[in-house]
Each structure stands twice: as C-alpha cells, then as structure tokens.
Amino acid sequence: MPERGADARRVQDFCDARWDGEVLPLVREHIRLRALSPAFDPDWETNGVLDRSADAAAAWLRTVTLPGLRVEVLRAPGRTPLVFFEVPGDGARAEETVLFYGHLDKQPEGDGWADGLSAWEPVQDGPLLYGRGGADDGYALPAAVTAVRALAAQQAARPRCVGVFEAGEESGSPDLDHWFAELGPRLGEIGLVVCLDSGAGDYERLWLVTSLRGHCGGTLDVRVLGDGAHSGDAGGVVPSSFRVLRHLLDRLEDSRTGEIRPDALRCAVPPERREQARTAAALLGDQVWRRFDWHEDEDGHRTGPVTRDPEELLLARAWRPSLAVTGADGLPPVAKAGNVLRPHTRVKLSLRLPPEVDSAAAVEEIGRLLESDPPHGARVRFTPDRVLADGWHAPPERPWLRDALSAASRACFDGADVARIGQGGTIPLMGKLTRQFPEAQFLACGVLGPGANAHGPNESLHVPYAKRLTACLALTLNAFALVP
C-alpha cells in the first residue's frame, strides 16, 4: 500500500457510521425546507427559505471536526446564497485542490405522490428516503465533507478541498458566475472537479458520468382569431390553431418517431462514447427502460419505449436531441370544453441538446424554423427562454483517475468495476469549469439512479448507494493526493 494510503474497509465503516448518525438527519431536515429555486418562487428573497437552507448547511459544517475547516455563506442583494467551504490538504500534494459542487435549491413538489409520501416530509421505506431534494441534491454537501473526514480519521493523505454549493441550479445557475468571480483565487488551482448532481445506471457499482446534454426552450404561440367562434360556423373556414401548431412542431420533430429534424441540432457521437454505451447496455439490459413507471390499463396494455435496444436508448438519452411539450395555454379543461373553435394555442417547449451543440445557435434556428412562412398567415411567435445551457463532454481520463475509480468501485461494491454513462440532464456549471480549468480532471457522479425520479413525484434517495458513493469519493481523493 502506498505511504499514507487509505484502508478501504475503515473508510467504508466511517462513512456508514457518519451517514447513520449525522448525514441522514441533516438530509431529512433539508427535505422539510420548501427551498424552491427562484424560477419557481419569485418571492424567494422575502420568504427566506433558500437562506435558511444555506444557513442550515453551514451550521452543520461548523459542528464538524476537521482540521482547518473554514465555512462561509456568501450573500448579495438579489442573488441566491452560496455555501463555500475549504479544508487544507495533508500530504505531499497538499496544495492540489479538489472542487466539490452541488446545489441546495429544489424543483416544485409536483403532483402524483403516492399515498403516505410527501414532497416536504421525509419518509424512509427500506433503502429509500423519499422527499423533494434529498437525492437532488441535499445529500451532496454532507457526503463531500464526510469523504474528507474519512481520510482525516485515519491520517491518510488528502488534497486541499473546496466546496461550492449554490442555491440557483434549478433556475440555470444565474448567480454562479458572480460567485466564482468573487471567490477568485480562493478556489486555488483546481486539479479535480467532483460534481455530485448527476446519476447512476444502477446501484450495483460506481458510475462515472461522461457527458451531459444542453438545454434550450421557449414558448410557441399560434393565434388565428381575436375571439373564439362556434365550431359549426367556423369549422372548415377558420384553420384550427391546434392544427397549425401541430404542423409547425412537425418541422422540428417527426411526430411518428420523435426524431428531431434539423441537422443544426445534432452532433456526432464520439467512438469512445459509443463503446461505453455498448458496455453500459450490456450491464443494464432492459433496466434502461424498465426503470420508468409505464402506464398500464385495466386490460394489461402497457406503454413501451421507442425501442427495446438498450444501447440505442442510452445513446438517445445522452447524445441525441429530444423535444418535450411541458405546458399549454388556451385549452380549457375537458369538462368545460364547449363546441368552440379556439382563438389561440400556446405551448411551452423544452429541448434537450446533444453535448456539443451550441444552445444559443440552436434556439435561434428553432425560432427561424417555427416562425417562417406560417400556414394560412396565422400569427406565430416563438419566445425563447432567457436561460440557455450548453452541454458537456468530459475530457479524457488520466491513468491515475481511471485506476482510482476502478479500485474504489471494486472495494466498495463487492468487486464490481466502475461503469460509464452519458446523462440526458443539464448542469450549466460543468462546461464553464472545463473552460476555466482546462487541465482539471472531472468526476461527475450522483445518486439519481433507477426510481430516484428527481423533479417528479416520489423522489427518493437510495441510502446504501449514497453511503458507498461517499466511500468511493474518499478513496479517490486519497488516490489524487498520492499521484507522483
């Protein structure tokens, strides 16, 4: 064993004990806070819940016994708070810095929570802790600090660590550039970035996320009349705004297959990512699509995936664009819908973009495509969202990181090797950090595996996986500190 190398069994025991005694109670309290991201709570400054969430995290950090730990909550008028911590290193490469990232803000509670479960009251059922914000992303800060503590407890070598935990990620991280500029040289020279806001293919091994999709969207509004008209009088004379909208969307998406049509919204899949998707597909099989709660009617008919080829599904969710209509105006509830040809239809569009597609160019192309030459002269307006996000493609892994992740996964997951997967979600920070620290390595990971259902009903944290992930982080930090 290298000098001051960590003992994996002791690391795992330490992490398990701290999770049971400290981390789980902290995550439960985090779930109870309605810390909605500013995009979903315009009164966030007045109600102060995001501030309370940051204060609660900082208060726990100040109780932690860790040599040299410094904690600060950064605040400024009109900006969401940010929790920052730094811990000096202890070893030959003590000044090499690891940056941990996560967030404290949450999505709204949403509908559809199962009986006995609630967004704002934690409930543990077997390995799962239910509640909004536990997995996305309330576990992240205490997990990061616990990993560092596990090394300090056995005097194993560890690098300097800093933590940046924001409160605006679910709104596109609008304040993060400001806080990074303010932190400036306090961050240090970053050699490894650990992002804890991502996912896992299953709970049987450590998963490394190698890419993230970007995002853009907007509102598409189609108007054909000033006032609604009796469908018996206007039908066949006035074009339906819904039909016009269907026609416009078919320019963007093939309604038969879901394929996004414009070439400008595509990019090539790198060969190594194809190979990693093939490996992940062999591990996961039909779990790639069975993880979702497919609708089944009383006759046993069930909705199914667009294909049952797991490799194609993994590539589609990580490297291909996709469209979702996430909201609509102008459509009355079915129970109140009369025989009226409606004057307008407006929908909210959300597009996931491949990792290497520029989001600003994409949204410009979408607007041109939807607004040009509208059918029947209908008034068509596409209003882009203000927040755009580019995707991310991880830089190549250096040998030390590849070996460290493999060893950590085998030690903490009963011999199972690390696996790699592309994720369909978006983390705006990752591309910024890659540009800011071009020499850094990246460890993007998280607990959002099968059934976690972040942003949806019944969000859950798989506690055993979170414990093992924490131990893997500690072992990886130790390996980083020991790199010659």
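Selection within segment 10-46: residues that are free of Cβ contacts under 8 Å to residues at least 60 places away in the same chain and among the charged types (D, E, K, R). The member of this set that is surrounded by the most Cβ atoms within 10 Å (Cβ to Cβ) is D41. Of all residues in segment 204-250, those satisfying the criterion of being in a loop (DSSP other than H, G, I, E, B) and either loosely packed, with under 15 Cβ neighbours inside 10 Å or among the β-branched types (V, I, T) (or both) are V224, G226, D227, G236, V237.
Checking R261, R205, R251 one by one, the residue that is modelled with pLDDT of 95 or more, charged (D, E, K, R) and out of contact with any Asp or Glu (no Cβ under 7 Å at 6 or more places or on another chain) is R251 and no other.
For segment 178-188, the criterion of being outside the structural domain of P271 (by TED's automatic domain parsing), among the acidic types (D, E) and buried (at least 18 other Cβ atoms within 10 Å of the Cβ) is satisfied by no residue at all. Being within 30 Å of A466 (Cα to Cα), in a helix (DSSP H, G or I) and either among the acidic types (D, E) or touching a residue at least 60 places away in the same chain (Cβ under 8 Å) (or both) is the requirement here; does D417 meet it? No: the conditions fail for D417.
Candidates in segment 344-356 are the residues that are surrounded by fewer than 22 Cβ atoms within 10 Å (Cβ to Cβ) and within 18 Å of L212 (Cβ to Cβ); of these, the one that is farthest from the chain's Cα centre (by Cα) is E356. The residue that is farthest from P127 (Cα to Cα), among those in segment 456-484 that are of a type outside the set (A, V, I, L, M) and touching a strand residue (DSSP E or B) at 6+ places or on another chain (Cβ under 9 Å), is F480. Does segment 48-69 contain any residue that is more than 26 Å from L187 (Cβ to Cβ), outside any loop (DSSP other than H, G, I, E, B) and in contact with a strand residue (DSSP E or B) (Cβ under 9 Å, 6 or more places away or on another chain)? For segment 48-69, residues more than 26 Å from L187 (Cβ to Cβ), outside any loop (DSSP other than H, G, I, E, B) and in contact with a strand residue (DSSP E or B) (Cβ under 9 Å, 6 or more places away or on another chain): present.
Of all the criteria given as (1) in contact (Cβ under 8 Å) with a residue 12 or more places away in the chain; (2) part of a helix (DSSP H, G or I); (3) over 22 Å from the mean Cα position of the chain (by Cα), the one not satisfied by G258 is (2).
State whether one or more residues within segment 333-343 are farther than 21 Å from G258 by Cα and in contact with a Phe, Trp or Tyr (Cβ under 8 Å, 6 or more places away or on another chain).
Yes, that holds for at least one residue.
When segment 89-127 is filtered for residues that are part of a strand (DSSP E or B), touching an Asp or Glu at 6+ places or on another chain (Cβ under 7 Å) and of a type in the set (S, T, N, Q), only T97 remains. Here F165 fulfils each of the conditions (1) under 16 Å from the mean Cα position of the chain (by Cα); (2) assigned to a helix (DSSP H, G or I) apart from (2). Number of residues in segment 128-162 that are in a helix (DSSP H, G or I), farther than 15 Å from D7 by Cβ and not small (G, A, S) equals 7. Could you list all residues from segment 364-397 that are part of a loop (DSSP other than H, G, I, E, B), exposed (fewer than 15 other Cβ atoms within 10 Å of the Cβ), in the same structural domain as H344 (by TED's automatic domain parsing) and not charged (D, E, K, R)? Within segment 364-397, S372 is the sole residue that qualifies.
Taking the stated definitions as given, is L183 assigned to a helix (DSSP H, G or I) and among the aliphatic types (A, V, I, L, M)? Give the derivation first.
Working: assigned to a helix (DSSP H, G or I): yes; among the aliphatic types (A, V, I, L, M): yes.
Taking the combined requirement at face value, the residue satisfies it.
Whether a residue is among the acidic types (D, E) and either without any contact (Cβ under 8 Å) to a residue 12 or more places away in the chain or at positive phi (or both) was assessed, and D115 passes this test.
The values are calculated or read from the model by the stated rules, or taken from the named source; none is laboratory data. Just so it is clear, the structure is predicted and the values come from calculations on it, not from any experiment. Methodologically, a virtual Cβ is constructed for each residue, glycine included, from the backbone with ideal geometry; neighbour enumeration extends over all protein chains shown.
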